[in-house]
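Q: I'd like to ask some things about the structure below.
The values are calculated or read from the model by the stated rules, or taken from the named source; none is laboratory data. These numbers come from a predicted model, not from an experiment. We place every Cβ from the backbone using ideal geometry, glycine too, and count neighbours over all the protein chains shown.
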Amino acid sequence: MSTSDTSSNGRKGAAGRARDIRDRPLFRIAFLVLVLFVAFLATKSCARHDNKVSQDEAIAIARAQIDFTPDKVQIRYLPQGIPPIYFWAVSLYTLKNDRPFRVQVVLVNANTGDVQQK
């Protein structure tokens, strides 16, 4: 057996054949960059939303919907559904002995300002 046409691992070498483009390091790096770029664009387009109602406006809308004067207010930003519709969840509550006593949660649409739930 001649060793001139075998490599160090005992297999026959393909000295005359060019490497496949997928085996080239430059292709692998370019492909990885392309995948990361597409993922970046997807996250930016999926996360795009325009709020026409600010937090302060949502709190004012929620206060108009309740029949008591709250001691404290908490607000959270909630996406709901597919495709997502964004809401401000405004929690208004009074305290009794440093504990929430009367609680009302109002969902305000972040785009239109409409009250969805009271």
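Q: What number of residues within the stretch 61-83 satisfy the criterion of being aromatic (Phe, Trp, Tyr), under 12 Å from LEU107 (Cβ atoms) and either touching a helix residue (DSSP H, G or I) at 6+ places or on another chain (Cβ under 7 Å) or part of a loop (DSSP other than H, G, I, E, B) (or both)?
A: So in the stretch 61-83, the residues aromatic (Phe, Trp, Tyr) come out as 68, 77.
Next, only the ones that are under 12 Å from LEU107 (Cβ atoms) stay: 77.
Okay, now just the ones that are also either touching a helix residue (DSSP H, G or I) at 6+ places or on another chain (Cβ under 7 Å) or part of a loop (DSSP other than H, G, I, E, B) (or both), so none.
Summing the residues that are aromatic (Phe, Trp, Tyr), under 12 Å from LEU107 (Cβ atoms) and either touching a helix residue (DSSP H, G or I) at 6+ places or on another chain (Cβ under 7 Å) or part of a loop (DSSP other than H, G, I, E, B) (or both) in the stretch 61-83 gives 0.
Q: Say whether the condition of being small (Gly, Ala, Ser), in a loop (DSSP other than H, G, I, E, B) and in contact with a strand residue (DSSP E or B) (Cβ under 8 Å, 6 or more places away or on another chain) is met by at least one residue in the stretch 92-111. Talk me through it step by step, then tell me what you get.
A: So the first thing to find is which residues in the stretch 92-111 are small (Gly, Ala, Ser), and the list is 110.
Going one step further and asking which of them are in a loop (DSSP other than H, G, I, E, B), we end up with 110.
Retained after the next criterion (residues that are in contact with a strand residue (DSSP E or B) (Cβ under 8 Å, 6 or more places away or on another chain)): 110.
Yes, the conditions are met somewhere in the stretch 92-111.
Q: Got a number for residues in the stretch 24-66 being over 20 Å from the mean Cα position of the chain (by Cα), charged (D, E, K, R) and either surrounded by 10 or more Cβ atoms within 10 Å (Cβ to Cβ) or modelled with pLDDT under 80 (or both)?
A: Looking only at that region, the number is 4.
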